[in-house]
Amino acid sequence: SHSKATSPTMSTSSAADPAPPVDASGIGDGSGTKCLSHSYSTVDSDGASESRVESLSAVLKDEVGSEKLVEAICALGEATAHIALLLQNYVEHTFAGTQNTSGDEQLHLDIDCDNAVFAAVRSSGVFSVAASEETPTETAVGRPDDNAGADDVTFSLGFDPLDGSSIIDANFSVGSIYGIWPGKGLLGRRGREQVASAVALYGPRTTLCIALPGSSPKVLEVTLVKNRTKWELSRDSIQLKPAGKVFAPGNLRASNDNAKYAALINHWIEERYTLRYSGGMVPDVYHMFAKSKGVFSNVSSEKARAKLRLLYEVAPIGLIVECAGGMTTHEAHDGSVLDEVIDDLDRRLGVCFGSREEVEKYKRFMLK
């Protein structure tokens, strides 16, 4: 019942074609096929799906000018609700015997969460292309009879369906990451072109943090309540303070052969910063949003290479950070991650995100 799939390529699949055959590679095929053993259909019973879409639409209608973009974000809300149920009912976190393109061992749960997102975006009718960490191809997700022209309103999605699967056995919080680009296609784009992005956090609560760029950038948070039947506005504006002594040093092993990173970490400790680090990018960055301050870093070295993907993780979260008044930078040069070009769906890089003064401090240690 668990979908396995074709080997990764950089080509674009046709929505009109039948689902590709599956093999032992474990890379998702983007079909959105449900696992029969772990169905999330119960979360849609008694009109719950309609209730969720209606409540999230009501929150967004005064913030988003485009009705189609509201529909796109609501589709991600549906994917998040479905993943929340999958997480609650998945007892056996078994490996699929495969790896994704980053070399991470895939859980059956990774693949099912990937399919949950693909199912939601396919049914929405407003996305043309999607690619994910588990399905690293530009996969057509428009309806087979969709002959929309290039100028029609349609979106492309880059996402990580389950960030933190390596820490899920300890029952740590995990998340999903979504970036929405206008038009068709993801290659050659920049993060700054996104029309919205979102991060879902699955813990004691299920929340969705949504970035809305534009002339007046805004970040808001909604929480899934009433037995997953309603999205309720929980924070109408998330802003990062200029400074805050909270740090999350990702890829800490890089400090072994990166002297600058080791010096920065020692500085944070000597200055009595509070460590808040779980090993999951979503909960660690989300903690900054919860406390309205802090700094997150993920630095590479010769022996500990960069693992974060620009398309699936860095660009969507970077947009949230900057819309909240924070700052982002590439690990090795002074420049926003939103200006980095997605010239490869698997492009990886090191980063620093957070309160503006904290990122400036990172630059002083790491870039000079």
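The values are calculated or read from the model by the stated rules, or taken from the named source; none is laboratory data. None of the values given here were measured: they were computed from a predicted structure. Glycine gets a Cβ as well: all are built from the backbone with ideal geometry, and neighbour counts include every protein chain shown. Note: areas computed on protein heavy atoms with side chains; ligands, DNA, RNA excluded. Shrake-Rupley method; radii C 1.70, N 1.55, O 1.52, S 1.80 Å.
From S215, S176, grab the single residue that is under 25 Å from V59 (Cα atoms), among the polar types (S, T, N, Q) and either open to solvent by 10 Å² or more (accessible area, probe 1.4 Å) or not assigned by the TED database to the domain that holds F95 (or both).
Criteria check complete, one pass: S215.
Looking at the range 53-73, I want the residues that are closer than 18 Å to D152 by Cα and have a partner that is open to solvent by 80 Å² or more (accessible area, probe 1.4 Å) with Cβ atoms under 6 Å, at least 6 apart or on another chain. Which pairs are those?
Once the first residue is closer than 18 Å to D152 by Cα and sits in the range 53-73, its partners that are open to solvent by 80 Å² or more (accessible area, probe 1.4 Å) give K68/V153.
Among the residues of the range 247-288, write down those that are open to solvent by 60 Å² or more (accessible area, probe 1.4 Å) and assigned to a strand (DSSP E or B).
Answer for the range 247-288, where residues must be open to solvent by 60 Å² or more (accessible area, probe 1.4 Å) and assigned to a strand (DSSP E or B): just L275.
Could you say whether any residue in the range 219-231 is under 19 Å from R309 (Cβ atoms), out of contact with any Pro (no Cβ under 6 Å at 6 or more places or on another chain) and either of a type in the set (A, V, I, L, M, F, W, C) or surrounded by fewer than 24 Cβ atoms within 10 Å (Cβ to Cβ) (or both)?
No, the conditions are met nowhere in the range 219-231.
Please work out if K303 is among the charged types (D, E, K, R), outside the structural domain of D114 (by the TED database) and in contact with a helix residue (DSSP H, G or I) (Cβ under 8 Å, 6 or more places away or on another chain).
In short, yes.
Mind listing whichever residues of the range 338-352 are farther than 13 Å from R189 by Cβ and surrounded by 23 or more Cβ atoms within 10 Å (Cβ to Cβ)?
G350, V351, C352
Y261: more than 24 Å from A79 (Cα to Cα) and either modelled with pLDDT under 95 or touching a strand residue (DSSP E or B) at 6+ places or on another chain (Cβ under 9 Å) (or both), yes or no?
So Y261 fits the description; yes.
I'd like to verify a number: residues in the range 289-303 that are open to solvent by less than 10 Å² (accessible area, probe 1.4 Å) and under 13 Å from P249 (Cα atoms), how many?
Residues meeting the conditions: 5.
In the range 307-352, how many residues are assigned to a loop (DSSP other than H, G, I, E, B), small (G, A, S) and under 17 Å from the mean Cα position of the chain (by Cα)?
2
The rows are residues; the columns are (1) among the β-branched types (V, I, T); (2) in the same structural domain as D169 (by the TED database); (3) under 15 Å from A120 (Cα atoms); (4) surrounded by 23 or more Cβ atoms within 10 Å (Cβ to Cβ).
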| residue | (1), (2), (3), (4) |
| --- | --- |
| S41 | no, no, yes, no |
| D44 | no, no, yes, no |
| D62 | no, yes, no, no |
| S66 | no, yes, no, no |
| L69 | no, yes, yes, no |
| G77 | no, yes, yes, yes |
| H82 | no, yes, yes, yes |
| V91 | yes, yes, no, no |
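Listed here are the residues, each with its yes/no results for (1) modelled with pLDDT under 95; (2) under 19 Å from M281 (Cβ atoms); (3) open to solvent by 10 Å² or more (accessible area, probe 1.4 Å).
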{"position": "E138", "(1), (2), (3)": "no, no, yes"}
{"position": "S156", "(1), (2), (3)": "no, no, no"}
{"position": "P161", "(1), (2), (3)": "no, yes, no"}
{"position": "S165", "(1), (2), (3)": "yes, yes, yes"}
{"position": "I168", "(1), (2), (3)": "yes, yes, yes"}
{"position": "L187", "(1), (2), (3)": "no, no, yes"}
{"position": "R190", "(1), (2), (3)": "no, no, yes"}
{"position": "E193", "(1), (2), (3)": "no, no, yes"}
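From the list S102, S49, pick out the single residue that is open to solvent by less than 50 Å² (accessible area, probe 1.4 Å), part of a loop (DSSP other than H, G, I, E, B) and modelled with pLDDT under 95.
Step by step, each of S102, S49 is checked, and only S102 is open to solvent by less than 50 Å² (accessible area, probe 1.4 Å), part of a loop (DSSP other than H, G, I, E, B) and modelled with pLDDT under 95.
Is it the case that some residue within the range 334-344 is in contact with a Phe, Trp or Tyr (Cβ under 8 Å, 6 or more places away or on another chain) and among the hydroxyl-bearing types (S, T, Y)?
no
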